[in-house]
Amino acid sequence: MSPVLAGVLQLTALIAALALAYRPLGDYMAAVYSSPKHLRIEKVIYRCIGANADTQMRWPAYLRGVLAFSVVGVLFLYLLQRVQGGLPLSLGFASISPDQAFNTAASFVANTNWQSYSGEQAMGHVVQTAGLAVQNFVSAATGMAVAIALVRGFARARTGELGNFWADLVRGTVRVLVPIAVIGAIILVACGAIQNFSGIHEVGQFMGGSQQTNGGAVASQEVIKELGTNGGGYFNANSAHPFENPNAFTNLFEIFLILVIPFALTRTFGKLVGNVKQGYAILATMGIIWLGFTALMMWTEFAHGGPALQAAGAAMEGKETRFGVGSSAIFSVATTLTSTGAVDSFHSSFTAFGGGIQLLGMMLGEIAPGGVGSGLYGMLVMAIIAVFLAGLMVGRTPEYLGKKIGTREIKLAACYILITPTLVLGFTAASMVLPDALGSMLNTKALGAGSHGFSEVLYAFTSGANNNGSAFGGLNANTPWYNTTIGLAMLLGRFLPMVFVLALAGSLAEQKPIPETAGTLRTEKPLFAGLLVGTILIITGLTYFPALALGPLAEGLS
């Protein structure tokens, strides 16, 4: 079987699996977030945290819950790392330095999982399980809660109420993420992923000599890092490590985990607003972009111009032979079009245009299908922008799902889409003029000159501000400058957009629904899906094209 055919068959199998899970999972999540009942374990959690889960919150109260919970998460994870040296099961590792502890705490609470450290050489079992793995669950549940709040903004009228953050957080964790993660962890263990609390072992190497390696609760962390679109690996090699991702089946299974909830949330959206066709329109938009990027990435990597690449059969440098080019390309697109950040190959080793596709996928805002929760609310904000543009073209006040899109809503949507580019381009520009920051570019000549060095820095801040977490290797990001600035980019890139999303949700929930007329734009039709795709690509292109031209495009054309 040719590598191209193998890649196409894997993509076909993945689409089939996602299609089978779409309706039941989407309907289940709609039932979870609309149920008036609380499970017994949920009631215990509410009593422990002192929350009244039946209280309806307006957007300021909902936002305060999100921010308060996240601040506590950052502080707890920071302190846990700072006292690691005195914890049991620390494997002899020292406490983490202040700047790196801040970067890691910000990263995992912001659902980014950017790692400026080697997991197997820095983090003990307690920090990995009680700190990082827990944040993988609750940061994902927080994103889902914010998305559901925005959906309620469209569904509710003249109340301004968006539900209860604590109820949404707990339900997303207990009823959605934990059950799927348990099943997924069992599957990974059965397929060869490890799950233990063993210490450091000396392991012999095939060519002589030895190296040290340690075990860990890898399967349980691996499944939620993918399911919650987190991405932080137990090992430095991430999902390219055989302890995390043993074979071709687990690789495809992990891609499925990355995509299944973000895609299924479009069904949840359709059910909660009372029109499943609206969910299909958002799904179609996400699917068109995802399939287009996947096809481009596979074509780019299989094209392999040049004698060295042709001799290898494709662009295999930096890729695992047990996965191959096709599966690596699918994984790469899935992880950069979501906020996952997990990698099964070395992104810096992709062809220049392949690296550009990865960058562009994150620059879209990771909305196709995007992160768990963040992908849906990001796409709905873009839908509001698309409706506004359509209204300008026909001279009619824009409407979406029976709600008027007025000045306030457009201002909030515009602020949302401007935050991330400001962070990415601002921090990248600052890094290109500071000698210490330039000195972190390891794969280029003096002071990081060259388009590839620029791509490394641009990728780092794009990954951080978009809460992705993957890295374009070759950049030494474990420095005070990058630990601090990328940490700030992750926090601001996560929580500032949530402020505007929840304010937008509150504004929509206060409105009275507008009945459809002959002049209403039919947002469930293919025409609107096409308009939405065009809006996303044009806004992203206008924002980032100059930076892409200096990086991957210049490298690819050189």
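Restricting the first member to the stretch 416-431 and to residues that are without any contact (Cβ under 8 Å) to a residue 12 or more places away in the chain, and the second to residues that are open to solvent by 50 Å² or more (accessible area, probe 1.4 Å), no beta-carbon pair is closer than 6 Å while six or more apart or on different chains. Apart from one condition, THR159 fits all of (1) surrounded by fewer than 23 Cβ atoms within 10 Å (Cβ to Cβ); (2) among the polar types (S, T, N, Q); (3) in contact (Cβ under 8 Å) with a residue 24 or more places away in the chain; (4) over 29 Å from ILE367 (Cβ atoms); the exception is (4). Annotation: PRO242 fulfils all but one of (1) part of a helix (DSSP H, G or I); (2) open to solvent by 10 Å² or more (accessible area, probe 1.4 Å); (3) closer than 21 Å to GLY192 by Cβ; (4) not hydroxyl-bearing (Ser, Thr, Tyr); the unmet one is (1). Scanning the stretch 25-54 for residues that are over 23 Å from PHE269 (Cβ atoms) and of a type in the set (Lys, Arg), we see that the one that is surrounded by the most Cβ atoms within 10 Å (Cβ to Cβ) is LYS43.
What number of residues within the stretch 170-183 are open to solvent by less than 20 Å² (accessible area, probe 1.4 Å) and more than 18 Å from the chain's Cα centre (by Cα)? Step through it out loud before you land on a result.
We begin by selecting, within the stretch 170-183, every residue open to solvent by less than 20 Å² (accessible area, probe 1.4 Å); these are 170-172, 176-177, 181.
Now restrict to residues that are more than 18 Å from the chain's Cα centre (by Cα): 170-171.
Selection size over the stretch 170-183: 2.
Looking only at the stretch 432-450, decide whether some residue is in a helix (DSSP H, G or I), open to solvent by less than 10 Å² (accessible area, probe 1.4 Å) and at pLDDT below 95. Yes, the stretch 432-450 contains a residue that is in a helix (DSSP H, G or I), open to solvent by less than 10 Å² (accessible area, probe 1.4 Å) and at pLDDT below 95.
Just checking, which of TYR46, TYR22 is of a type outside the set (Asp, Glu), in a helix (DSSP H, G or I), closer than 22 Å to VAL273 by Cα and in contact with a Phe, Trp or Tyr (Cβ under 8 Å, 6 or more places away or on another chain)?
Details: TYR46 fails: closer than 22 Å to VAL273 by Cα.
The match here is TYR22.
When the criteria are applied in full, ASN468 meets the requirement of being surrounded by 22 or more Cβ atoms within 10 Å (Cβ to Cβ) and touching a Gly at 6+ places or on another chain (Cβ under 6 Å). If you go through the stretch 4-18 and keep only what is in contact with a helix residue (DSSP H, G or I) (Cβ under 9 Å, 6 or more places away or on another chain) and either surrounded by fewer than 17 Cβ atoms within 10 Å (Cβ to Cβ) or not in a helix (DSSP H, G or I) (or both), you end up with VAL4, LEU5, ALA6, VAL8, LEU9, ALA13, ILE15, ALA17. Being over 29 Å from the mean Cα position of the chain (by Cα) and of a type in the set (Asp, Glu) is the filter here; which residues of the stretch 49-107 pass it? Within the stretch 49-107, just ASP54 meets the criteria. If the condition is being in a loop (DSSP other than H, G, I, E, B) and either of a type in the set (D, E, K, R) or open to solvent by 20 Å² or more (accessible area, probe 1.4 Å) (or both), then the stretch 184-205 contributes CYS191, GLY192, ILE194, GLN195, ASN196, PHE197, SER198, GLY199, GLN205.
The values are calculated or read from the model by the stated rules, or taken from the named source; none is laboratory data. Quantities reported herein were computed from a predicted structural model and do not represent experimental measurements. A quick note on method: Cβ atoms are made from the backbone with ideal geometry, for glycine too, and the neighbour counts reach across all protein chains shown. We work out accessible area using only protein heavy atoms, side chains counted, and drop any ligands, DNA or RNA first. Shrake-Rupley method; radii C 1.70, N 1.55, O 1.52, S 1.80 Å.
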